[in-house]
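Notes for the one structure printed next.
The values are calculated or read from the model by the stated rules, or taken from the named source; none is laboratory data. Because the structure is predicted, anything quoted here is derived from the model rather than measured. So basically every Cβ, Gly included, is an ideal-geometry build from the backbone, and we count neighbours across all protein chains shown.
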Amino acid sequence: MKTVVFAYHNMGVIGCSALKKHGFDIKCVFTHKNDENENIWFESVQAWCEKNNIEYFTPENVNTKEWIDKIASYKPDIIFSFYYRNLICEDILKLAPFKAINLHGSCLPAYRGRAPVNWVLVNGEKQTGVTLHYMVKKPDAGDIIAQKCVDIDFYDTAKTLYEKLEKLAFTLLDETLPHIKNNTVKPVKQDESKASYFGRRTKQDGLIDFNKTSIEIYNLIRAVTKPYPGAFCYYKGKELIIWWAIPSSIQLQPKQIIKIDNKVYIGAKQGSLELKEVEYDGKTYKEKEILNLLEGGYL
């Protein structure tokens, strides 16, 4: 099957590799240029294409007549999207007679939209997964081709959860691509009554509200800790990033700082947080080092 692929990040590499393994004829790949302002901790689809001698493009906007005509010139049988960050217009989606298929990082119809791995942690979900679905005009709303779900551990971070989803995606694609190639899939419509949508996250979304419970704050911390920008507050007028902390039953006032048994706690609406690793004024502090950084009182 002649294939045009839209791909980025580790999932993009996994997707492209799976297509190659299963004999799809990848005519070209659309990916993104690396953002200088972003922490690039993931694999490069561009590098994968160069290694495998596959033509690739990195347009800012693929939904122009120039690029639509370019894609049409390949006469693709099918289109795949693996963690491509931009919406793909209907004029592109309808170019492939076997339709366009997307890999999404949640158990659809829940958590449509951007950054699902981060959002499920922020919201304290117990399970998530990966879904292959047909692409339609509305984001992540097309019929489901296949899906696998996994439990979220209490100590999972966005990175460890993403790694779980990578393994799921590898298995899901390995099992499903032969059926897609043979046109033997049996798609299922999404239940709109169970659908939820979340938008992209920015650094400012990491600002900690200490009027939330310690569990809610912990969920935010683990959702945006390294390699993401981190959850933060302010101490003496400067940004204090909390890279890791665990919830405690010790009851304090919101933003209250207290030291007990060589440990530092900050109060929340309910419970408190035991600080394990923070960053302040460009320097990282761990465990007992935090004792010398933070004074008692309040943030």
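Of all residues in region 193-222, count the ones that are within 22 Å of the chain's Cα centre (by Cα) and not aliphatic (A, V, I, L, M).
The number of residues fulfilling the criteria is 16.
Might you check whether a residue that is more than 21 Å from the chain's Cα centre (by Cα), polar (S, T, N, Q), closer than 30 Å to Asp25 by Cβ and not assigned by TED's automatic domain parsing to the domain that holds Tyr218 occurs anywhere in region 100-107?
Looking for residues that are more than 21 Å from the chain's Cα centre (by Cα), polar (S, T, N, Q), closer than 30 Å to Asp25 by Cβ and not assigned by TED's automatic domain parsing to the domain that holds Tyr218, one finds none in region 100-107, hence no.
If only one of Tyr235, Tyr280 is under 31 Å from the mean Cα position of the chain (by Cα) and crowded, with 19+ Cβ neighbours inside 10 Å, which one is it?
Working: Tyr280 fails: crowded, with 19+ Cβ neighbours inside 10 Å.
Only one candidate qualifies: Tyr235.
Scan region 58-67 and give yes if some residue there is aliphatic (A, V, I, L, M), in a strand (DSSP E or B), closer than 23 Å to Arg112 by Cβ and assigned by TED's automatic domain parsing to the domain that holds Leu161, otherwise no.
No, region 58-67 contains no residue that is aliphatic (A, V, I, L, M), in a strand (DSSP E or B), closer than 23 Å to Arg112 by Cβ and assigned by TED's automatic domain parsing to the domain that holds Leu161.
Kindly evaluate Val13 against the criterion of being of a type outside the set (Ser, Thr, Tyr) and either without any contact (Cβ under 8 Å) to a residue 40 or more places away in the chain or farther than 15 Å from Pro76 by Cα (or both).
Yes; evaluated as a whole, the condition is true for this residue.
If you take the residues in region 73-85 that are within 13 Å of Gly12 (Cβ to Cβ) and in a loop (DSSP other than H, G, I, E, B), which one is nearest to the chain's Cα centre (by Cα)?
Within region 73-85, the match that is nearest to the chain's Cα centre (by Cα) is Tyr83.
Determine if region 38-45 includes at least one residue that is surrounded by 16 or more Cβ atoms within 10 Å (Cβ to Cβ) and part of a helix (DSSP H, G or I).
Yes - at least one qualifying residue is present in region 38-45.
Return yes when Asn10 is part of a loop (DSSP other than H, G, I, E, B) and not aliphatic (A, V, I, L, M) and no when it is not.
no
Of the numbered conditions (1) touching a Pro at 6+ places or on another chain (Cβ under 8 Å); (2) within 30 Å of Arg200 (Cβ to Cβ), Glu279 fails exactly one; give the number of that condition.
If we test Glu279 against (1) touching a Pro at 6+ places or on another chain (Cβ under 8 Å); (2) within 30 Å of Arg200 (Cβ to Cβ), just (1) comes out false.
Of everything in region 129-178, what is modelled with pLDDT under 95 and either of a type in the set (Lys, Arg) or not assigned by TED's automatic domain parsing to the domain that holds Cys107 (or both)? Give them in sequence order.
Within region 129-178, Lys137, Lys138 meet the criteria.
For region 143-259, list the strands (runs of 3 or more DSSP E) that sit wholly inside it and hold at least 2 residues that are in contact (Cβ under 8 Å) with a residue 24 or more places away in the chain, out of contact with any Lys or Arg (no Cβ under 8 Å at 6 or more places or on another chain) and on the phi > 0 side of the Ramachandran plot; which are they?
Working: elements: 144-151, 231-235, 238-248.
It comes to none.
Taking the options Asn39, Asn34, Asn52, Asn63, name whichever one is without any contact (Cβ under 8 Å) to a residue 60 or more places away in the chain, farther than 18 Å from Ile79 by Cβ and out of contact with any Ser or Thr (no Cβ under 8 Å at 6 or more places or on another chain).
Asn52
Of the residues Lys181, Lys194, Lys226, which single one is outside the structural domain of Phe154 (by TED's automatic domain parsing), within 30 Å of Leu103 (Cα to Cα) and among the basic types (Lys, Arg)?
Checking each option against the conditions leaves just Lys226.
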